[in-house]
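Report on the following structure.
The values are calculated or read from the model by the stated rules, or taken from the named source; none is laboratory data. Here the structure is a predicted model, which is why all the values come from computation and not from measurement. Cβ placement follows ideal geometry from the backbone for every residue including glycine, while neighbour counts extend to all protein chains displayed. Each accessible area value is taken on the protein alone, full model and side chains, heavy atoms only, with ligands, DNA and RNA left out. Shrake-Rupley method; radii C 1.70, N 1.55, O 1.52, S 1.80 Å.
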Amino acid sequence: MTLFDRLKHLAEFVQPRAKGLLCLLAGQILACDQLFDPTGGFERKLVVYSILTTNGDMQFVRVCTTYDVPGFDPYENTVDPTVSDAAVTIMIEGRRYAVRDTILPRPMNTRYKTPILAYVAQPFPVTRGKTYQLEVVSPTLGTAFSSTTVPEQTYFDLHYEGTRLLERPPIVDLPIRVLGSFSKSARGYVLRFLLVYSVLKDSVWSKEEEEVPLSYILVKPVSGVEQIRYPEVKRIEGSSFDLPFMTDGYRWIIRKILARNLGQRVVFTQAKFQLTQLDENLYRYYMIVHAFQDRGSIRLDQPDYSNINGAFGVFGAYSVDSLLYALPPNFPYNR
């Protein structure tokens with residue numbers, strides 16, 4: 001049955017006045033011959049990405065442009081859309097710093113064959129709590145600008161029982177609690193626990209580290225089904241936090257490291273807790289691109305976020321604070 005037949009059949013059960021409306025609607029639907037263009041109009045614009053970090057004195061800015069392709073697959077484009085004629089500056093408290101262009105090796109050349117053209121500022125240590133302005137001027141594509149505020153330094157420490165649990169993790173599953181406060185300008189965060197150790201390989205000590213999960217559960221011992229949960233970026237709610245890392249996950253990582261280095265000497269040296277705080281721009285971009293970590297639904301749209309005036313992209317910042325605890329020489333798992 002055609003759409004017109006269905007509407008005509010439905011009209012037999014409604015009032016005469018409504019019959020005319022339904023027939024008119026059916027005629028308009030069948031007469032519509034307007035072409036549908038899924039790509040829409042194309043406008044060439046700047047695309048700017050830069051994430052400032054306190055974890056180093058080198059800051060990068062990437063400047064590209066939007067591009068069009070004959071079909072519908074964006075990967076048809078094999079010409080690097082990097083913009084090479086831009087003048088890039090970063091400003092703080094009225095002082096303006098020029099960002100120079102540089103060439104970086106491309107880790108993968110399956111799509112683009114040329115090296116990466118980027119803009120770099122070095123040495124450029126980022127000051128916590130300060131607001132930075134980014135300006136990009138291209139003679140061919142115009143001007144783009146944005147601003148971001150770096151999260152302030154914060155305080156965090158282990159619960160008083162944490163040191164004892166780190167030095168001698170018990171068989172029972174207990175929480176190693178980390179307590180602290182958030183920066184006023186931060187909107188998201190992730191707290192990670194890294195176990196630092198050294199391995200003697202061919203008479204040379206190699207320093208390595210492994211991330212410890214929040215929790216570890218052996219769901220089915222016979223089949224070896226495990227449930228492992230690692231930290232993820234979360235929204236800041238409130239001014240302080242109290243986060244637990246369970247000792248079962250801590251002991252599981254230790255066993256994993258020892259099994260991977262069977263027959264070699266292993267010395268566990270440090271427990272490192274690393275707090276990363278994201279400013280509002282970076283947090284919103286991360287969460288929208290990751291679909292707010294919604295793994296249970298299917299998204300038909302392609303979410304995006306931009307805080308660049310006059311262009312697309314993101315200008316954000318994050319701060320990194322670390323807490324180190326030295327493990328004793330008589331740590332029970334050293335061998």
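Select from the stretch 211-231 the residues that are of a type in the set (D, E) and at pLDDT 95 or above and list them in ascending order. Before the answer, list the steps.
First, the residues of the stretch 211-231 that are of a type in the set (D, E): 211, 226.
Correct list: E211 only.
For the subset of the stretch 184-210 comprising residues that are charged (D, E, K, R) and in a strand (DSSP E or B), which member is modelled with the lowest pLDDT?
The first filter runs over the stretch 184-210 and keeps only residues charged (D, E, K, R), leaving 184, 187, 192, 201-202, 207-210.
This time we only want the ones that are in a strand (DSSP E or B), so: 187, 192, 201, 207-210.
Working: R187: 97, R192: 98, K201: 89, K207: 96, E208: 97, E209: 97, E210: 98.
Applying the filter and picking the extreme gives K201.
Which of the residues spanning the stretch 121-151 are assigned to a strand (DSSP E or B) and either more than 21 Å from the chain's Cα centre (by Cα) or over 17 Å from G313 (Cβ atoms) (or both)? Full working, then the answer.
In the first step, residues of the stretch 121-151 are kept if they are assigned to a strand (DSSP E or B); the result is 121, 131-138, 142-149.
If the condition is that a residue be assigned to a strand (DSSP E or B) and either more than 21 Å from the chain's Cα centre (by Cα) or over 17 Å from G313 (Cβ atoms) (or both), then A121, T131, Q133, E135, V136, V137, S138, G142, T143, A144, F145, T149 are the ones that fit.
Of the residues D242, D248, only one is open to solvent by less than 60 Å² (accessible area, probe 1.4 Å) and either among the charged types (D, E, K, R) or outside any loop (DSSP other than H, G, I, E, B) (or both); which? Full working, then the answer.
Working: D242 fails: open to solvent by less than 60 Å² (accessible area, probe 1.4 Å).
D248 is the lone residue from the list that is open to solvent by less than 60 Å² (accessible area, probe 1.4 Å) and either among the charged types (D, E, K, R) or outside any loop (DSSP other than H, G, I, E, B) (or both).
Give P125, P139 a once-over and let me know the one that is over 23 Å from A311 (Cβ atoms) and out of contact with any Pro (no Cβ under 6 Å at 6 or more places or on another chain). Even if it seems obvious, please write down each step before you answer.
On the way: P139 fails: over 23 Å from A311 (Cβ atoms).
Every option except P125 fails the conditions.
Quick one: in the stretch 252-275, of everything that is touching a Pro at 6+ places or on another chain (Cβ under 8 Å) and without any contact (Cβ under 8 Å) to a residue 60 or more places away in the chain, which residue is least open to solvent (accessible area, probe 1.4 Å)?
Among those residues, the one meeting the criterion is I253.
As an exercise: evaluate A259 against (1) modelled with pLDDT of 95 or more; (2) in a helix (DSSP H, G or I); (3) closer than 27 Å to L243 by Cα and give the number of the one condition it does not meet.
(3)
May I ask you to list the residues in the stretch 219-240 that are of a type outside the set (V, I, T) and more than 21 Å from the chain's Cα centre (by Cα)?
As a first pass, look at the stretch 219-240 and keep what is of a type outside the set (V, I, T): 220-221, 223-224, 226-227, 229-232, 234-235, 237-240.
Within the stretch 219-240, K220, P221, S223, G224, E226, Q227, G238, S239, S240 meet the criteria.
List the residue pairs whose Cβ atoms are under 9 Å apart, where the first residue sits in the stretch 169-194 and is acidic (D, E), the second is open to solvent by 60 Å² or more (accessible area, probe 1.4 Å), and the two are 6 or more positions apart or on different chains.
Matching pairs, first to second residue: D173/I217.
Going residue by residue through the stretch 211-232, is there one that turns out to be in a loop (DSSP other than H, G, I, E, B), in contact with a Lys or Arg (Cβ under 6 Å, 6 or more places away or on another chain) and open to solvent by 20 Å² or more (accessible area, probe 1.4 Å)?
yes
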